[in-house]
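Trainee: Sharing a structure below in C-alpha cells format, with a few things to ask.
Coordinate-derived values only; no laboratory data. Just so it is clear, the structure is predicted and the values come from calculations on it, not from any experiment. All Cβ positions, even for glycine, are placed from backbone atoms using ideal geometry, and neighbour counts span all protein chains on display.
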Amino acid sequence: MGFADQRFTVNLSILFTELPLLERPAAAAEAGFGAVELWWPWVDSPEPAQSELDALRTAIEDAGVRLTGLNFYAGRLPGPDRGALSVPGEESARFRANVEVAAGFAESLGCRALNALYGNRVDGADPAEQDALALENLVLAARAADRIGAVLLIEALNQPESPHYPLVSAPAAVGVVDRVNAATGLDNARFLMDLYHLAMNGEDLPAVIDRHAGRTGHVQIADSPGRGAPGTGSLPLEELLDRLRKAGYDGRVGLEYKPGDRPSAEAFDWLPREARRGASR
Ligand SMILES: O=C(O)C(=O)CO
C-alpha cells in the first residue's frame with residue numbers, strides 16, 4: 001500500500017504546460033513516468049488536421065509513454081467552457097464531429113478511456129432539454145468508446161470553480177453513468193472520481209469511495225485547497241488511494257495538479273522516482 005503501490009498517469013494538460021504540446025510526452029518520460037493523459041488539446045478544433053493528430057501520436061510514441069486517457073472536445077478548456085455535449089447548437093455539433101476523431105486517435109495509441117465533460121448550463125436554455133441532448137450525445141460517445149474497447153468517463157467538477165456545470169457531486173455524475181448504461185445496454189460508462197473536485201464540493205471522500213468505487217473507471221488527484229501536488233494541501237491522498245484499492249479500484253490514478261511556482265519536472269518530489277513507472281500489476 002502507499003503511493004508506491006499505485007499506477008500513476010501524468011495529465012499533460014495541467015502539468016508540463018510550460019512546454020509546447022509535442023514536447024510534453026518526452027518531458028513526462030524524462031521525469032520517470034510511463035503513462036500520460038490529455039484533455040482535448042485543440043480547444044478550437046474538434047477535427048484538427050490529420051498532420052496535427054499524426055504529430056501528437058508520433059510525439060507520444062517516440063517518448064515511449066502510453067496514452068491512458070483522453071478527453072473529448074470540451075470547448076475552451078482551460079477557459080470558460082466545461083464541455084460541449086449538453087450545449088445546444090454549434091457546440092453539440094462540434095462534440096458530435098469530434099466523437100469519431102477522438103475515438104480513432106485513442107484507438108491508434110491503445111488508449112482505453114475517453115472522458116466526456118458534460119458542459120455548462122446555458123442561460124435561456126431549458127435544463128431538461130440540455131439533459132436530453134446530453135444523453136443523446138453520450139450514447140453516441142459510449143458506442144464509439146465501445147467500438148475501440150474503451151470506457152466512457154463522466155466526471156463531477158467542483159461548484160466554486162465551475163459554477164455553471166450541473167454535475168457537482170458524485171451522485172449527480174453517477175446518475176448520468178447509470179442513465180447512459182441503461183440507454184446503451186453496453187455497461188461501459190463509468191464514474192471519473194476526481195478527489196480534488198469532490199473535496200472542493202465538501203463531499204465525504206471515504207464515503208464516496210465506499211459507495212462508488214465499483215462504478216469508477218478512473219481516478220484523478222490534486223491536493224486541496226490549491227489544486228497543487230500531494231502534500232501542498234490538507235487531503236490525506238495516500239490514505240484515500242489505499243482505501244480505493246481496498247474497495248477494489250485497480251486502475252490508474254491521474255496526476256491532475258498544478259506544479260505551482262516551479263517547473264513541472266520539479267513537482268514530483270513527493271513521489272520517489274522508482275515509484276513513478278507504477279506498481280507492476
Ligand atoms: O476541467 C477540469 O478541471 C478537469 O478535470 C477536466 O477533465
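Trainee: Pull up all non-local amide H partners of T216: gap of 5 or more, or a different chain, and H-to-H distance under 5 Å with H placed in the peptide plane.
Mentor: HN-HN under 5 Å from T216: F191.
Trainee: Can you pull out the trypsin sites (Lys or Arg not before Pro) in the stretch 1-95 whose DSSP state is coil and whose Cβ has at most 14 other Cβ atoms within 10 Å?
Mentor: R76
Trainee: Between G69, G79, G231, which gets the highest mean-square fluctuation from a Gaussian network model of the chain, Cα cutoff 10 Å?
Mentor: Greatest mean-square fluctuation among the candidates belongs to G79.
Trainee: For the stretch 3-272, compute Rh as the Kirkwood radius over C-alpha pairs and then the Stokes-Einstein diffusion coefficient at 37 °C and 0.692 mPa s; write the answer in µm²/s, rounded to an integer.
Mentor: Value of D from the Cα-based Kirkwood radius: 178 µm²/s.
Trainee: For a footprinting-style exposure proxy, rank K246, K258 by other Cβ within 10 Å, fewest first.
Mentor: By the 10 Å Cβ count, ascending: K246, K258.
Trainee: Give me the percent relative contact order of the stretch 115-157, please, defined on Cα pairs under 8 angstrom at least 6 residues apart.
Mentor: Normalised by residue count, the contact order of the stretch 115-157 is 61 percent.
Trainee: What full-extension length gain, to one decimal in nm, is calculated for E52 and T17 as 0.36 nm per residue of separation minus the Cα-Cα distance?
Mentor: The span from E52 to T17 would gain 10.8 nm if fully extended.
Trainee: Let me check against my output: what whole-number percent is the relative contact order of the chain, with C-alpha pairs under 8 Å and at least 6 apart?
Mentor: Relative contact order comes out at 21 percent.
Trainee: 5 Å is the cut-off here: which amide hydrogens, built 1.01 Å from N in the peptide plane, fall below it relative to L167, excluding neighbours closer than 5 in sequence?
Mentor: L157
Trainee: What ranking of T232, T17, T216 emerges when the number of other C-beta atoms within 10 Å of each C-beta is taken as an exposure proxy, fewest first?
Mentor: With the sparsest Cβ surroundings first, the list reads T17, T232, T216.
Trainee: Using only the C-alpha atoms of the stretch 13-124, find the volume of their convex hull and express it per residue in Å³.
Mentor: 92
Trainee: I need the fraction of alpha carbon pairs in the stretch 141-281 separated by more than 23 Å, rounded to a whole percent.
Mentor: Percent of Cα pairs beyond 23 Å in the stretch 141-281: 38.
Trainee: Taking 7 Å along the Cα-to-C-beta vector as the label spot, tell me the D210-E161 distance in nanometres, rounded to one decimal.
Mentor: It works out to 2.8 nm between the two label points.
Trainee: Give, rounded to the nearest 20 debye, the magnitude of the charge dipole that the chain has about its Cα centre when Lys and Arg contribute +1 at Cβ and Asp and Glu contribute -1 at Cβ.
Mentor: Here the chain has a charge dipole of around 660 debye.
Trainee: Any chance you could check the Cα centroid distance between the stretch 189-262 and the stretch 12-66 for me, in angstrom?
Mentor: Measuring centre to centre over Cα atoms gives 23 Å.
Trainee: Can you tell me which of A134, A55, A173 moves the most in a GNM of the chain? Springs connect C-alpha atoms under 10 Å apart.
Mentor: A55
Trainee: So in the chain, what percent of DSSP beta bridges are antiparallel if you round to the nearest 5?
Mentor: Counting DSSP beta bridges with both partners in the chain, the antiparallel share is about 5 percent.
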